[in-house]
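To start, the structure itself, in structure tokens.
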Amino acid sequence: MTTTLMSPETERTTTEPRDWRGSGTATQLLVLTGRSLRALINEPRLVVLSLLQPLIMLVLFSQVFSSIAQTDSFPPGVSYINYLMPAILVTTGIGAAMQSGIGLVTDMKNGMLGRFRSLPIKSWSVLLARSLADLVRTSVQLTILLVTAVVLFGFSPSGGIGGVLTALALALMVSWALSWVFLAIGSWLRNAESMQQVGFLAMFPLMFASSAYVPLDGLPVWLRAVATVNPLTYAVDASRNLALAMPVGTGVLSAVAASAALLAVGAFAAVRGFRKPL
Amino acid sequence: MTNTMIEASNLTKTFDDVHALRDVSLSVGKGQVAGLLGHNGAGKTTLVNILSTMLPPTSGTATVAGFDVVSQGHEVRRRIGLTGQFASVDEQLSGTDNLVLIARLLGASKPAAKRRAGELLDVFDLAEAAGRSAKTYSGGMRRRLDLAASLVGQPDVIFLDEPTTGLDPVSRLGLWEVIEQLVGEGTTVLLTTQYLDEADRLADSITVLAEGEVVASGTAAELKADVGQRAVHLTLTQPTHRPEATRALRAAGLQPAHGGAAGAITTPVGVSTDLAVVVRALDEAAIEVAEIALTEPTLDDVYLALAKGTPTAA
């Protein structure tokens, strides 16, 4: 038994199907990630649909709440779109993370996971590939949102391109970490409907009981208390401070630390749940 | 190298307090087709899932291609193909891309994977739909694509869980031919089915499962002989000759019984006895026969005799 984890691909690549007895981990990741992305390319409608919700939020909020920028609790000299957009990046990233779990459950339903499990591939490479494909998809989504915000809504935060890109990176990091939590939920629940319900029930209050759309000072006391312990507030604040070139303090660090923790717990639970027989 | 490709010893699987499998043993030689016959819920799929490393057994051991399905699952998965009861195809991908995906995961280079996909799509009569996304495929096409996917790496052992369920007769026949061809090339096949004609046609040995237990096993011929319903059916030209004919047959050592119609007689015959005994006895008694037929027991008889008492499929 001298099968190594990362056997060089060339060693296994022969033209005789009888000799195809497994691929290296890198190939598995590449092929599986490519497969998930391919489904997206074949069905761009889904990307457009997934952009609708954040776009609607962007339009509605930037129009409805823009007067908040005139209130006392609002950071002086900041327009509402500049305040809102970094938060939209984070919340959209979180919504996208939920899609990871739904995608996994869909693969369970249509039998693809069963097929993968009968192949000589690592079970975690299936999960990792799914999360990487979703990371790419989320990057595309967020980039489209950013461009829209700049072109149509006059988003031009004082942090400049550098600030926006680091805010984007932070949102992607949070999204990727959370996608593992949803992969874990998906691999245990194994049901798209309950996934969506759990996701919606968890995300909706989290989004509003946070600093995402209005400054904490503008919230009723009890809601402010919830918002201060809401991890989303920290992610949103970190993203916003980066984009607006405001002092970040320990915000970014704690967002990184929290993401790492979510990632670790999520990945562990996802792999465990995934190995349970279908 | 052993010639036994599938060996199961005393496999038991319990789900909570339901016994899905009880003490099941099975042995399949290289290049053989083993048929697993049973109703829904008899434990066929559970057995396939254990042998294909999808499910650990509660107790007992099993090897596939010489490797333990529990401790050497990865080695087993390098040598098997599995087609489950429900077609597992990626609907978003084309037929070609589905097969290329599997080939690449098995370690094929891109060009080799494409070549193999083309070959299989030809074999399974999907070449015309190769570039179309699988969600436009009919049920039969999906099934064939699924089967093709499990054959990409020319596995040593193939598990087919009710492969022809839901297929039209033509596709079914086509699939049988593919399976026969595979076996001709030395592949070992474990096939579960509810269709007796399928097991009869394809399987070298048949194991009948009922409520998780093996209730019979052997070749189709052996199983039929056990149930032993081989019989000669006679229709006399003159119905009034029936008493005479019955006496003559008794004298020849047979146990004739009157059939339903006037002048009809049925007499069970053993495997060794011959139609000739019947013909000679009647000839000597100078009785004319209008019609004579020998019926062999079918697997249906076997199945019904053995699986009696188990609930029939809905």
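Just so it is clear, none of the values below were taken in a lab; they were calculated from the coordinates. Just so it is clear, the model here is predicted, and its values are computed rather than measured. Because the Cβ atoms are built from the backbone with ideal geometry, glycine has one as well, and the counts that use them run over all protein chains shown.
Between B:LEU167 and A:THR25, what FRET efficiency comes out of the Förster formula 1/(1 + (r/R0)^6) with R0 = 41 Å and r the beta carbon distance, rounded to 0.05? With a Förster radius of 41 Å, E is 0.65. For the residues of B:80-92, the average number of beta carbons from a partner chain within 10 Å of their own beta carbon is 5. A Stokes-Einstein calculation at 10 °C with viscosity 1.306 mPa s, built on the Kirkwood radius of the protein assembly as shown over Cα pairs, returns a diffusion coefficient of 56 µm²/s.
Between beta-carbons, use under 14 Å as the cut-off and find the net charge around A:ALA212, counting Lys and Arg +1, Asp and Glu -1. Counting the neighbours of A:ALA212, the net charge comes to +1.
Taking every residue in A:104-113 and counting other chain Cβ atoms within 10 Å of its Cβ, the average works out to 3. When every Cα-Cα distance of the range A:23-275 is counted in 10 angstrom steps from zero, the calculated P(r) takes the values 7, 31, 34, 19, 7, 1, 0 percent. Of the peptides A:47-53, A:266-272, A:165-171, the order by per-residue mean of other Cβ atoms within 10 Å, starting with the highest, comes out as A:165-171, A:266-272, A:47-53.
Cα extents for the range B:84-234 along the principal axes, largest to smallest and rounded to whole angstrom: 61, 29, 29.
For the segment B:148-155, counting C-beta atoms of other chains within 10 Å of every residue's C-beta and taking the mean gives 4.
Using C-alpha pairs under 8 Å with a sequence gap of at least 6, the mean separation divided by the residue count of chain A gives a relative contact order of 24 percent. For B:LEU11, neighbours were defined as the other residues whose beta-carbon sits under 12 Å from its Cβ, and their charges (Lys and Arg +1, Asp and Glu -1) total -1. Placing R0 at 41 angstrom, the Cβ-Cβ distance between B:ARG230 and B:ASP17 gives a FRET efficiency of 0.45 after rounding to 0.05.
Considering only DSSP beta bridges whose two residues both sit in the protein assembly as shown, what percent are antiparallel, to the nearest 5? Working shown, then result.
Values: 34 of 52 bridges.
About 65 percent, rounded to the nearest 5.
Taking only the Cα atoms of the range B:230-296, the ratio Rg/Rh comes out at 0.91, with Rh defined as the Kirkwood radius. Residue ranges A:174-186, B:8-20 sort as A:174-186, B:8-20 when ordered by packing (mean number of other C-beta atoms within 10 Å per residue, highest first). Computed over the range A:39-154, the convex hull of the alpha-carbon atoms projects to a mean area of 8.8 nm².
Starting from the exponent 0.38 and prefactor 2.2 Å, build the expected Rg for chain B from its residue count and divide its actual Cα Rg by it. Kindly include the intermediate steps, with their values, before the conclusion.
Numbers: Rg = 24.5 Å, N = 314, 2.2 N^0.38 = 19.6 Å.
Compactness ratio reported: 1.25.
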